[in-house]
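The values are calculated or read from the model by the stated rules, or taken from the named source; none is laboratory data. Here the structure is a predicted model, which is why all the values come from computation and not from measurement. No Cβ is skipped: glycine too gets one built from the backbone with ideal geometry, and neighbour counts run over all protein chains shown.
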């Protein structure tokens, strides 16, 4: 049996990484989607352990000091982070785990878990990204310009990721993610147990 | 466009790596199979550039001293090695290149070409490997025992390869090789040009 892979999934706002993941799971992709923890209050309809694990500030900080948070950030005065426990449980059972997080968190993960596989989702071009953001009709021009600047910074960081997926045709992007997961399961680091088993037999 | 991947393909005698490659190419796998150079005389029917590039000892040694041989070994007093030129030409055109070589040569390649991807083909077990060797009816027991010892040493080196393919069901092994090639084409190191192109557009 292969060990599971820890996949970090990032990409600029508007690149469609959420859609890629949704389609990945809908089309039978096998992985555990890691739920983040946060100290912000749940909104109506949100359930603990579904959208987020909702923690008090004290509980979050205790986890932080016990090294139980793999990466975290603060936003509008609240903590957001990835709890270690559920991630490692799944990996040890041989399941793949996907973390959908920002570039900064991705590098925190790489530091704590050097075996993590960093996948960056790119738009086919920055002009296509702008069209997608404009097409949403949810942000004014200033916000879009800010997002575009952020996207440019993120794309510059992409060169430090392990893999690049281009989200031009959705099905292809999903297939690429699946290919990466399959290839990672063939990595020697995930197959050490098998090598040992072969060697144990005294042929 | 992606840069091509340099795939080093090894495995113990009898693991079926030749069959995997034959089926890989027969089923549309896209890669250039690197032909080795040797100083041994061509046998009847062998053609220069097909089974081997046949070189004089002087020519081979000149290539060696000009760093035009990526890896080499000697066997029965003759040189065998991988000429650099054809390999790099193909890689630069974006083609994948497969080198079918021994473990020792694989590590020479890794030293010269750190971007090389080392794939090891494993038998499902050493007892299965022994059955396959016995089933060939071409070697006596002593030879088989020697091959089994060599296989054990090679499997121990497998942990230093990047990927492990188990050749239990041939079609699965071929599919695994194709998956590795596809995933490698998504590696950031092969897509730097694309990142640059995205960043050049002033969106």
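Table for the structure above
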| read-out | value |
| --- | --- |
| Verdict on residue A:166 being within 11 Å of chain B (Cβ to nearest Cβ) and crowded, with 18+ Cβ neighbours inside 10 Å | yes |
| Unique match (being free of Cβ contacts under 8 Å to residues at least 12 places away in the same chain and closer than 22 Å to residue B:21 by Cβ) among B:127, B:131 | B:131 |
| Sole residue being within 21 Å of residue B:190 (Cβ to Cβ), outside any loop (DSSP other than H, G, I, E, B) and more than 14 Å from every other protein chain (Cβ to nearest Cβ), chosen from B:111, B:104 | B:111 |
| Members of the range A:145-163 that are facing chain B (nearest Cβ under 8 Å) and either surrounded by fewer than 21 Cβ atoms within 10 Å (Cβ to Cβ) or more than 19 Å from residue A:128 (Cα to Cα) (or both) | A:148, A:152, A:156, A:159, A:160, A:161, A:162, A:163 |
| Given (1) at the interface with chain A (Cβ under 9 Å from one of its Cβ atoms); (2) in a helix (DSSP H, G or I), number of the condition residue B:174 does not satisfy | (1) |
| Subset of the range B:183-193 (residues that are within 7 Å of chain A (Cβ to nearest Cβ) and surrounded by fewer than 19 Cβ atoms within 10 Å (Cβ to Cβ)) | B:188, B:192 |
| Sole exception among (1) touching a helix residue (DSSP H, G or I) at 6+ places or on another chain (Cβ under 8 Å); (2) closer than 19 Å to residue A:19 by Cα; (3) at pLDDT 95 or above for residue A:175, by number | (1) |
| Enumerated helices (runs of 4 or more DSSP H) restricted to the range B:1-100, each holding at least 2 residues that are touching a residue at least 60 places away in the same chain (Cβ under 8 Å) | B:17-26, B:84-92 |
| Qualifying positions in the range A:171-182 - touching a residue at least 24 places away in the same chain (Cβ under 8 Å) and surrounded by 14 or more Cβ atoms within 10 Å (Cβ to Cβ) | A:173, A:174, A:177, A:178, A:180, A:181 |
| Residue that is surrounded by the most Cβ atoms within 10 Å (Cβ to Cβ), among those in the range B:54-88 that are out of contact with any helix residue (DSSP H, G or I) (no Cβ under 8 Å at 6 or more places or on another chain) and on the phi > 0 side of the Ramachandran plot | B:77 |
| Condition check for residue A:121: in contact with a helix residue (DSSP H, G or I) (Cβ under 6 Å, 6 or more places away or on another chain), crowded, with 22+ Cβ neighbours inside 10 Å, more than 9 Å from chain B (Cβ to nearest Cβ) and part of a strand (DSSP E or B) | yes |
